[in-house]
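Before any comments, here is the structure.
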Amino acid sequence: MTAFHWLAPGSDLMISPRSMDRLYERFFGYGATTQEDGTPTYALPVDILETEDAYELHATVAGVPQDGVEVTFEGGMLSITVKAVPIELQGKLIRQERPWGNWIRKLELPTEVDSASIAAHFENGVLTVRVPKAAKAKPVRIPIGAADKLIEG
């Protein structure tokens, strides 16, 4: 039998609201805001991987055509926007578990990135954004020369 602990030993009750928020996010997805036209907008979940020379972001955007996804970079902020595609139903909807609406995610990037080389590609419903790290300035060893002439006084 597995025991499930809501709070770790020694933690206080002030942590529990955050724990409950994470629990609801895990089961029901991220909270949505609603636009003026009534379309909900959700926070797009992403996976971020750091390699030696770049950061890679992966986001699932299944069912959205490539032209419905926009990736922009401005002022150190990477924005990913996914526009909702209207669902055309042929019949009565009995159950809807997949969220429908717009998705957006804004991520502040480290200052050490090569913003001119950011690339995105879309394959099988997965958006991958590659953000190369900027080349770091390498220390230069400066040789110390000896005096060529001896000054007599």
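The values are calculated or read from the model by the stated rules, or taken from the named source; none is laboratory data. The model shown is predicted, which means the values in this text are computed figures rather than measured ones. Every residue, glycine as well, gets a Cβ built from its backbone with ideal geometry; the counts of neighbours run over all protein chains shown.
Summary table
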{"read-out": "Residue within segment 69-92 that is acidic (Asp, Glu), within 23 Å of Asn124 (Cβ to Cβ) and part of a loop (DSSP other than H, G, I, E, B) present", "value": "yes"}
{"read-out": "Residue check for Lys136: in contact with an Asp or Glu (Cβ under 9 Å, 6 or more places away or on another chain), at pLDDT below 90 and over 28 Å from Thr39 (Cβ atoms)", "value": "yes"}
{"read-out": "Residue satisfying all of: in segment 63-81; of a type in the set (Val, Ile, Thr) and in contact with an Asp or Glu (Cβ under 8 Å, 6 or more places away or on another chain); nearest to Lys106 (Cα to Cα) among these", "value": "Ile80"}
{"read-out": "Strands (runs of 3 or more DSSP E) lying entirely in segment 94-144 (those with 1 or more residues that are in contact with a His (Cβ under 6 Å, 6 or more places away or on another chain) and surrounded by 12 or more Cβ atoms within 10 Å (Cβ to Cβ))", "value": "126-132"}
{"read-out": "Long-range neighbours under 9 Å by Cβ, at least six apart or interchain, first residue closer than 23 Å to Ala62 by Cβ and without any contact (Cβ under 8 Å) to a residue 24 or more places away in the chain within segment 113-131, second surrounded by 15 or more Cβ atoms within 10 Å (Cβ to Cβ) and β-branched (Val, Ile, Thr)", "value": "Ala119/Thr128; Ala119/Val129; Ala119/Val131; His121/Thr128; His121/Val129"}
{"read-out": "Selection within segment 22-52 - at pLDDT 90 or above and of a type in the set (Asp, Glu)", "value": "Asp47, Glu50"}
{"read-out": "Filter pass, Tyr42 being buried (at least 17 other Cβ atoms within 10 Å of the Cβ) and farther than 16 Å from Ala120 by Cβ", "value": "yes"}
{"read-out": "Identity of the residue in segment 71-93, surrounded by fewer than 13 Cβ atoms within 10 Å (Cβ to Cβ) and under 20 Å from Tyr55 (Cβ atoms), that ends up modelled with the highest pLDDT", "value": "Thr72"}
